[in-house]
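To keep things clear, I will list the structure first and then write my remarks on it.
The values are calculated or read from the model by the stated rules, or taken from the named source; none is laboratory data. These numbers were taken from a predicted model, which means no experiment stands behind them. Cβ: placed from backbone, ideal geometry, glycine included. Neighbour counts: every protein chain shown. Areas reflect the complete protein model, heavy atoms only, side chains present, ligands, DNA and RNA absent. Shrake-Rupley method; radii C 1.70, N 1.55, O 1.52, S 1.80 Å.
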Amino acid sequence: MKKGLVLEGGGHRGIFTAGILDVFLENDISFDGVIGVSAGAVHGASFLSKQKGRSLRYALKYCKDKRYMGVGSLLKTGDYFNVDFCYYQLPQILDPFDNETFENQTSKYYTVSTDVESGKAVYHQCRSLRDDYIKWIVSSASMPLVARIVNVEGQKLLDGGVADSIPETAFRKMGYTKNVVILTQPKGYEKSKNAMLPLIKLVYKKYPKFVEAVENRHLIYNQQLKDLEKLEKSGDVYVLRPKVDLVASRTERNPQKMQDTYNQGRELALEEVEKIKAFLNN
């Protein structure tokens, strides 16, 4: 029975996930496979490179930096989160990503992106994040309207959350049947229809399948939550979710709120760590 870790996205709310993953590293909790969406893909990579504290460190240092994100970057490059700075300068120079450890670890790592031409999810196993391999994470985290379409191996990709926000079912089909799922919304959350849909339809009119996926995202997401609750009650998955709304927003720029959100994740994981170990070892 293969053990899997499923990581939802959520922009800077994902620093909550980073707090949980650091506790996992401290307690030698590992998985046969990890699948991440958007911010979940970003933090999952640092987890597999065993760089405890890295996600929080660079988030606190650069969240106010104009090179990192902002309207200026959006107007200049077409990306709210500056791709060159976030995915090349930062992990290669400013706070180096440990690719050697990542490449040599035994867990398989998958990212989720959305193909804008088909509107379907693309699940890709990443064996390295050197050079342009990082584009798989870039595409997974490229939110509609505030990021350019990412071309990877002949595919046009955007935010994986559009097609599959919580890929537990997909991971189960890949053979990972004992899964821990980390969500970034509290219990009882229900996603609403995208308020920006009229603009989405205009901007992506060449990609009707993608527009359809955006239009239906809230319905699929809410069904995924219901399915997870059933699996949770039957003991087939272990779900970690915030007890209350997270302090940080999707595009948070306040370092203290980022720290507080990270702490929310750590505190929850420390409370649950022994139960998680029991679940994985049962």
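Remark: pairs (first residue in segment 43-57, under 18 Å from Ser140 (Cβ atoms); second residue acidic (Asp, Glu) and open to solvent by 30 Å² or more (accessible area, probe 1.4 Å); Cβ separation under 7 Å; 6+ apart in sequence or on different chains) = Ser49/Asp98.
Identify all residues within segment 190-220 that are in a loop (DSSP other than H, G, I, E, B) and open to solvent by 70 Å² or more (accessible area, probe 1.4 Å); write none if there are none. Answer for segment 190-220, where residues must be in a loop (DSSP other than H, G, I, E, B) and open to solvent by 70 Å² or more (accessible area, probe 1.4 Å): Glu190, Ser192, Lys193, Ala195, Met196, Lys205, Lys206. Please verify whether segment 99-111 includes one or more residues that are of a type in the set (Gly, Ala, Ser) and under 28 Å from Ile276 (Cα atoms). The answer is yes; a qualifying residue exists.
Within segment 105-143, if we keep just the residues that are of a type in the set (Gly, Ala, Ser) and closer than 20 Å to Pro91 by Cβ, the residue that is surrounded by the fewest Cβ atoms within 10 Å (Cβ to Cβ) turns out to be Ser128. For Gly72, are the conditions met, namely being under 30 Å from Leu228 (Cα atoms), modelled with pLDDT under 95 and in contact with a Lys or Arg (Cβ under 7 Å, 6 or more places away or on another chain)? Taking the combined requirement at face value, the residue does not satisfy it. In segment 11-34, the count of residues that are modelled with pLDDT of 95 or more, surrounded by 24 or more Cβ atoms within 10 Å (Cβ to Cβ), in a loop (DSSP other than H, G, I, E, B) and on the phi < 0 side of the Ramachandran plot is one or more.
Segment 40-135 holds helices (runs of 4 or more DSSP H) entirely within its bounds, and those carrying 3 or more residues that are hydroxyl-bearing (Ser, Thr, Tyr) map to 54-62.
What do you reckon, is Gly175 open to solvent by 50 Å² or more (accessible area, probe 1.4 Å) and small (Gly, Ala, Ser)? Considered against the rule, which asks whether it is open to solvent by 50 Å² or more (accessible area, probe 1.4 Å) and small (Gly, Ala, Ser), Gly175 comes out as no.
Restricting attention to segment 39-81 and to residues that are aliphatic (A, V, I, L, M) and either within 17 Å of the chain's Cα centre (by Cα) or farther than 24 Å from Val203 by Cβ (or both), the residue that is most open to solvent (accessible area, probe 1.4 Å) turns out to be Leu60.
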